[in-house]
1. Does residue 95 satisfy the criteria of being free of Cβ contacts under 8 Å to residues at least 12 places away in the same chain, surrounded by fewer than 19 Cβ atoms within 10 Å (Cβ to Cβ) and either farther than 27 Å from residue 128 by Cβ or touching a strand residue (DSSP E or B) at 6+ places or on another chain (Cβ under 9 Å) (or both)?
2. Take residue 147 and tell me if it is crowded, with 22+ Cβ neighbours inside 10 Å, more than 14 Å from residue 58 (Cα to Cα) and either out of contact with any helix residue (DSSP H, G or I) (no Cβ under 6 Å at 6 or more places or on another chain) or free of Cβ contacts under 8 Å to residues at least 40 places away in the same chain (or both).
3. Please go through the range 131-162 and give me each residue that is out of contact with any strand residue (DSSP E or B) (no Cβ under 8 Å at 6 or more places or on another chain) and not in a strand (DSSP E or B), ordered by number.
4. Do we find that residue 164 is free of Cβ contacts under 8 Å to residues at least 40 places away in the same chain, over 20 Å from residue 54 (Cβ atoms) and surrounded by fewer than 22 Cβ atoms within 10 Å (Cβ to Cβ) in this structure?
5. How about the range 1-92: which helices (runs of 4 or more DSSP H) wholly inside it have at least 1 residues that are touching a strand residue (DSSP E or B) at 6+ places or on another chain (Cβ under 6 Å), touching a residue at least 40 places away in the same chain (Cβ under 8 Å) and over 18 Å from residue 123 (Cβ atoms)?
6. I need a count of the residues in the range 94-111 that are within 19 Å of residue 2 (Cα to Cα) and over 17 Å from the mean Cα position of the chain (by Cα).
7. Being modelled with pLDDT of 95 or more, surrounded by 15 or more Cβ atoms within 10 Å (Cβ to Cβ) and under 23 Å from residue 97 (Cα atoms) is the filter here; which residues of the range 23-44 pass it?
8. Going by what's in this entry, would residue 110 be described as in a strand (DSSP E or B), surrounded by fewer than 22 Cβ atoms within 10 Å (Cβ to Cβ), touching a helix residue (DSSP H, G or I) at 6+ places or on another chain (Cβ under 9 Å) and touching a residue at least 24 places away in the same chain (Cβ under 8 Å)?
């Protein structure tokens, strides 16, 4: 069972697509958001959740005080599920907008003029390293000066090509079979 861990909608259960996604575990999300909260990166942030799946990362951000979240998911059933999950947050009193975009990630980034403060990239296993680099490069000019970008991949995956995308690596952390890589715009 996937749920919102903390914040205004803490405890709210989220539906997860039946196939085609691998939701971020509660343990990994709890550690990630603990680090994000301690660095004051969530409250008031404009959040982008790419390859959103159930929307758990973007919706957790909203529950913890993010200003808005754009959730991008290509699968029509998954996008419908994210809308349903966002409605549950609204019922729990979360008023910040959760905008669900049913689109290809690269196409969405090419057409958007929005600037984000916090970005989650949690692609399916079949997304190639080259595609991640292209996504990071398309994302880089749309980041605020102090933005944080979190890439979640399998532990056996190589680190993102931050410099090739015009970004800087900040740190990484492994949780079981999952690694989270943190990047930022150059100082």
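1. Numbers: free of Cβ contacts under 8 Å to residues at least 12 places away in the same chain: yes; surrounded by fewer than 19 Cβ atoms within 10 Å (Cβ to Cβ): yes; either farther than 27 Å from residue 128 by Cβ or touching a strand residue (DSSP E or B) at 6+ places or on another chain (Cβ under 9 Å) (or both): yes.
Yes, satisfied.
2. Details: crowded, with 22+ Cβ neighbours inside 10 Å: yes; more than 14 Å from residue 58 (Cα to Cα): yes; either out of contact with any helix residue (DSSP H, G or I) (no Cβ under 6 Å at 6 or more places or on another chain) or free of Cβ contacts under 8 Å to residues at least 40 places away in the same chain (or both): yes.
So residue 147 passes the test.
3. Taking the range 131-162 and keeping what is out of contact with any strand residue (DSSP E or B) (no Cβ under 8 Å at 6 or more places or on another chain), we get 131, 133-134, 137-138, 140-141, 145, 156, 158, 161.
Within the range 131-162, 131, 133, 134, 137, 138, 140, 141, 156, 158, 161 meet the criteria.
4. On the way: free of Cβ contacts under 8 Å to residues at least 40 places away in the same chain: yes; over 20 Å from residue 54 (Cβ atoms): yes; surrounded by fewer than 22 Cβ atoms within 10 Å (Cβ to Cβ): yes.
So residue 164 fits the description; yes.
5. On the way: elements: 26-38, 56-63, 76-91.
Per the criteria, 56-63, 76-91.
6. Residues flagged as within 19 Å of residue 2 (Cα to Cα) and over 17 Å from the mean Cα position of the chain (by Cα) within the range 94-111 amount to 1.
7. Correct list: 32, 33, 36, 37, 41, 42.
8. Values: in a strand (DSSP E or B): no; surrounded by fewer than 22 Cβ atoms within 10 Å (Cβ to Cβ): yes; touching a helix residue (DSSP H, G or I) at 6+ places or on another chain (Cβ under 9 Å): yes; touching a residue at least 24 places away in the same chain (Cβ under 8 Å): yes.
No.
The values are calculated or read from the model by the stated rules, or taken from the named source; none is laboratory data. In this text the structure is predicted, and so the values were computed from the model without any measurement. Every residue, glycine as well, gets a Cβ built from its backbone with ideal geometry; the counts of neighbours run over all protein chains shown.
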